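Before any comments, here is the structure.
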């Protein structure tokens, strides 16, 4: 809603991707028996009266983030190892690639090159067994490392593009 207001009422550029489009307001009602009901009671409208529900707010300047910004955290029940094929492996491959390791693929198949990337990561990290499999400790270390990478402002393409736009407008 803020982005839409900045654009519609202030004429500001919007840098990024189309927003999710949540345009309803839900209100909870508690009943005496411990049950609860959520009702959609209102719709959010932009300052120009536009309904964004299920449509989102379109950026005026499209800018995506690197794929690793969208990688899901690893939930390790059993270690990930060569010949596994899963969404968890795919996420690990995207994280490894984002950290500068070359898994060779990001389709979820744990091959020899992915194993080599895991080994390279484990060798650089402190206190990890270097075995080429992704156990809970390695998954946590991957998560911590990728979060640090995401939080680094120089890696945020949307932020950096927005800063460029502001500087262009100021000159």
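First measure r as the distance between the Cβ atoms of residue 50 and residue 166, then evaluate 1/(1 + (r/R0)^6) with R0 = 35 Å and state the FRET efficiency to the nearest 0.05.
Details: r = 25 Å, r/R0 = 0.71.
Rounded to the nearest 0.05, the efficiency is 0.90.
If R₀ is 25 angstrom, what is the calculated FRET efficiency for the pair residue 136 and residue 85, using the beta carbon separation as r and rounding to 0.05?
My answer for the efficiency is 0.80.
Report the semi-axes of the equivalent ellipsoid for the stretch 2-64 in whole Å, largest first, where each axis is √(5λ) for an eigenvalue λ of the Cα gyration tensor. Working shown, then result.
Values: eigenvalues 204, 32, 13 Å².
Calculated on Cα positions only, the semi-axes equal 32, 13, 8 Å.
In Å and from the alpha-carbon atoms only, list the Rg and Dmax of the stretch 38-79.
Values for the stretch 38-79 (Cα only, Rg and Dmax): 17.8, 52 Å.
Taking the convex hull of the alpha carbon atoms in the stretch 1-130, what volume per residue do you get, in Å³? Don't jump to the answer; show the numbers that get you there.
Values: hull volume 25.9 nm³, N = 130.
Convex hull of Cα atoms, per residue: 200 Å³.
Quick check on the stretch 67-151: what are the equivalent-ellipsoid semi-axes from the Cα gyration tensor, as sqrt(5λ), descending, whole Å? Please list the in-between numbers first.
Values: eigenvalues 49, 43, 29 Å².
Ellipsoid half-lengths, sorted descending, are 16, 15, 12 Å.
Using Cβ contacts closer than 10 Å as the measure, can you line up 2, 142 from fewest to most? Before the final figure, lay out the partial values.
On the way: 2 7, 142 26.
With the fewest neighbours first, 2, 142 line up as 2, 142.
Where in the stretch 42-60 does the amide nitrogen come within less than 12 Å of the point 7 Å from the Cα of residue 24, taken along Cα to Cβ?
Only 42-44, 53-54 pass the distance filter.
Checking a compactness column here: for the stretch 77-123, what do you get for Rg(Cα) / (2.2 N^0.38 Å), N being the number of residues?
Numbers: Rg = 9.2 Å, N = 47, 2.2 N^0.38 = 9.5 Å.
Normalised Rg, Cα atoms only: 0.97.
Does anyone have the angle between helix 136-151 and the longest principal axis of the chain? Alpha-carbon axes, 0 to 90°, nearest 10?
Its long axis makes an angle of about 40 degrees.
Throughout, read-outs are computed from the coordinates displayed, never taken from laboratory work. None of these values were measured; they are calculated from a predicted model. We place every Cβ from the backbone using ideal geometry, glycine too, and count neighbours over all the protein chains shown.
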